[in-house]
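Since the structure comes first, as structure tokens, the remarks are kept for the end.
None of the figures in this text is laboratory data; all of them are computed from the coordinates on show. Nothing here was measured: the structure is a model prediction, and the numbers come from that model. We place every Cβ from the backbone using ideal geometry, glycine too, and count neighbours over all the protein chains shown.
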Amino acid sequence: MKNIILLVFTVLILGCNSKKKKEEPISNSHEKNDLSDSPLFNTEIVEPTKLFDNIYFVGYEGVGAFIVNTTQGIILIDAMWTNDDAKNVIIPGIEKLGLNPKDIKYLLVTHEHADHYGGANYIEKTYKSKILMSEVAWNSIHDPNALVLVDPFGNKSSDLPLPQSYQKVGDKEIISLGETNIKVLLTPGHTKGAISLVINTTDNNIDHDVSIWGGTGLPNTLEENKKYLKSLDYFESFAIKNGVDAQISNHPFVNNLLDDMKLLRLRKSTEKNPLILTTEEFKRNIDTALRKSVIEKINSYQ
């Protein structure tokens with residue numbers, strides 16, 4: 001019998017949990033169950049927010065998706081918990097931003113946890129979008145022996161309808177659409193199939209490079225935490241060499257993204273974007289929010 005794991009997600013410790021939820025219209029929040037005290041399980045809907053000239057956030061306070069709008073269509077990054085989330089949160093959010101969900105060409109899934117791929121089936125079926133993820137992640141979500149995760153609504157990941165086909169992405173592969181290039185890094189640790197991203201964008205027509213680290217929560221074994229640290233070093237080095245000056249997370253309670261989005265919704269065109277960092281600030285975020293914790297966990301095994 002499969003093991004069922006409850007993912008209790010704190011800023012640095014991951015866990016996940018999932019009864020079928022009736023489809024319901026978009027609202028300010030969804031009813032939570034008794035297991036939803038962690039930030040991950042916060043299903044308060046965030047006002048769709050423009051982060052950069054062509055990058056937007058839609059979703060919950062616990063987890064969401066990024067829309068990268070290009071001259072040749074949309075790249076959607078992650079798909080939240082369920083098909084209902086895709087239909088009732090992501091799509092209305094895209095429309096509220098004045099964009100057309102029919103333009104979704106790609107859905108790029110960062111890793112094989114249900115809060116990131118749960119709505120992929122709906123996006124693929126409805127918009128014929130191509131699903132992109134690592135081969136390890138794809139095999140994992142189709143593995144009948146995989147751990148069963150449970151979401152805030154009581155849905156089991158083993159019951160989720162899955163996408164039917166995908167395109168494998170590899171290390172240092174570049175996904176190009178219009179003027180946008182997304183560099184992919186294989187960064188196992190948070191999960192075995194996790195990827196991290198570097199995206200070229202602009203803010204008030206000034207060039208910037210935005211990074212997404214492929215999973216904040218720490219794994220549960222010494223070997224996996226060593227892989228996490230190795231991937232983190234690789235990600236940081238690559239990001240700095242490629243001029244990354246912003247970092248965002250698909251869990252917006254991480255790195256103060258929720259607070260920064262409040263500022264961005266009120267921001268005047270002459271004001272600084274709070275997401276833009278110096279190299280030292282970027283390194284400090286990596287060291288204080290990620291490296292310190294994984295080193296402490298590695299040391300705890302010894």
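Summary table
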quantity	calculated
Reach of Lys128 by Cα under 20 Å, taken over aspartates and glutamates that are not fewer than 8 positions away in the same chain	Asp78, Asp84, Asp85, Glu95, Asp103
Convex hull of the chain built on C-alpha atoms - directionally averaged projected area, nm²	14.8
Of Lys102/Lys272; Lys172/Lys192; Lys227/Lys262; Lys105/Lys226, pairs whose Cα-Cα distance is over 28 Å	Lys102/Lys272; Lys227/Lys262; Lys105/Lys226
Three principal axis lengths of the range 128-216 [C-alpha, angstrom, descending]	46, 28, 26
Distance (nanometres) between label positions extended 7 Å along Cα→Cβ at Ser237 and Arg267	3.2
Within the chain: Cβ-based charge dipole about Cα centre, in debye rounded to nearest 20 (Lys, Arg +1; Asp, Glu -1)	360
Helix-only [θ]222 nm of the chain, DSSP H runs n ≥ 4, -39500 (n - 2.57) each, per residue, nearest 500	-6500 deg cm²/dmol
Cubic angstrom per residue, convex hull over Cα atoms of the range 252-302	64
Global form of the range 82-234, assessed from the alpha-carbon gyration tensor, a/c cut-off 1.5	oblate
The range 163-290: projected area of the alpha-carbon convex hull, averaged over directions, in nm²	9.3
Gyration tensor (alpha-carbon) shape descriptor, the range 99-176, a/c threshold 1.5	oblate
FRET efficiency estimate (nearest 0.05) - Cβ-Cβ, Ser176 to Leu222, R0 45 angstrom	0.70
Nonlocal amide H pairs with Asn181, under 5 Å, H built at 1.01 Å	Asn200
Interchain or long-range residues, amide H under 5 Å from Asn42's placed H	Gly62
